[in-house]
Every structure is written in C-alpha cells, then in structure tokens.
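Structure first, commentary second.
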Amino acid sequence: MRTLFQAALLVLLGAAPAHAAGDGLLFPTINFVLLFVTLFILLRKPVGTYFETRRAAIRNDLEEAAKLKSDAEAQFARWQRKLDSLQEDLEGIRTTARERAETERENLLADARRAADRIRQDAAAAVDQEVRRARATLHDEASKLAVELAAGILREQVTGQDRDRLLDEFIGRIESAPSAGN
C-alpha cells in the first residue's frame, strides 16, 4: 500500500510542473491517480486472491505432474525389468527347447538303432530258420530219392535166390534174438 501512495505522489508531482506551464494536465492527472488508487483498493483483495489461488493451482498441478512423472518412471522401470526378465526367460526357454530337442533326437536315433538291430536279428533268425527248413526238406527229399534209387538198384540186381537167402538170414537173427535174453 505504501508503494502505491508513493507512486501516486510521484504522478502528482510530475503533473504539477505541467499544470504550471499551462498545459491543463493537473485535473486529468489527479483523475487518473484517483482512478488508479480506487481500482487498487477495490481490486487488491480479489486480484490477490485470484493470483494466490492461481499460484496454489499451479503448485498443485506441478506437484501432481511430478508425482505422475515419478509414477510413470517407476512403471517404466518395472516394465523394463520385466522386459529384461522376459529376455532371460525367453533365452532359457530356447536353451531348454534345444536341449529337449537334442535329447529327443538322441532317443529317436537310439530307438531307430534298436529297431534296426531287432529287424536284422529277426531277419537273420528268419533266414536261419528258412535255411534249416530248406536243409531239412532237401535232406528228406535226398533220403527219399536215395531209398528209391537203392530200391530200384536192389530190384534190378537182387535175384530170387538173393531174396530167399536174405529172408533166411533175417529169420535166423530174429529167432536167435529171444534166446539171447531179449
């Protein structure tokens, strides 16, 4: 308030020499000063209140903005940590998947080798069985053929006298066999 009166006094003092010179500025200057003082007195509290309210609103907005910025930075830091963790987890999953794939591949190869060995063994057993069966068949056929050939040769070469003699020898052996204790 004191500054306002000093300003008004300076205006009046500045207007006095102009009035003495005859410019007629004294009354307009006094009117201006009175208007200025009246406006200052009437508007001082509402303008002060407005500026105080505005200052408080700006301060609150700044504090809220600072809080929002802090929250946003904290959220960003959390998301950044999650992203870093996600990258590590992703690499871990990739490593685990590679290890599992390698293990599965080794298991499949081992199963395939065992199956191939089983197939080879089964094939070898089947071949051996077929060879034995073929040998047995050939042996039977060879035996039959040998008997038939022998029978044919005996029929041609054995005479009636040979038959009688063989028959007598056979009967003699049979008769002597029970006397031996059989």
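Worth a mention:
- In straight-distance terms, cross-link reach from K67 covers every one of the lysines whose alpha-carbon lies under 28 Å from its own, apart from those fewer than eight places away in the same chain; here that gives K82.
- Neighbour-count order for F40, F51, fewest beta carbons within 10 angstrom listed first: F51, F40
- Simple spin-label estimate for F36 and D168 gives 18.3 nm between the two label positions (7 Å along the Cα-to-Cβ direction from each Cα).
- Remark on L25: its backbone amide H falls under 5 Å from those of H19, a criterion applied only to residues 5 or more positions apart or on other chains, H modelled at 1.01 Å from N.
- Inter-probe distance in nm under a simple model that places probes 7 Å from Cα toward Cβ, at K82 and L26: 8.1
- Charged neighbours of L86, selected by a Cβ distance under 13 Å, balance to 0 (K, R count +1; D, E count -1).
- Net charge of the neighbourhood of D128, taken over other residues with C-beta under 13 Å away and scored Lys/Arg +1, Asp/Glu -1, is +2.
- Projected area, mean over directions - region 2-173, Cα convex hull, nm²: 30.8
Since every read-out is calculated from the coordinates, none of them should be taken as a lab result. Keep in mind the model is a prediction, meaning the values are calculated, not measured. All Cβ positions, glycine included, derive from the backbone under ideal geometry; neighbour counts span all protein chains shown.
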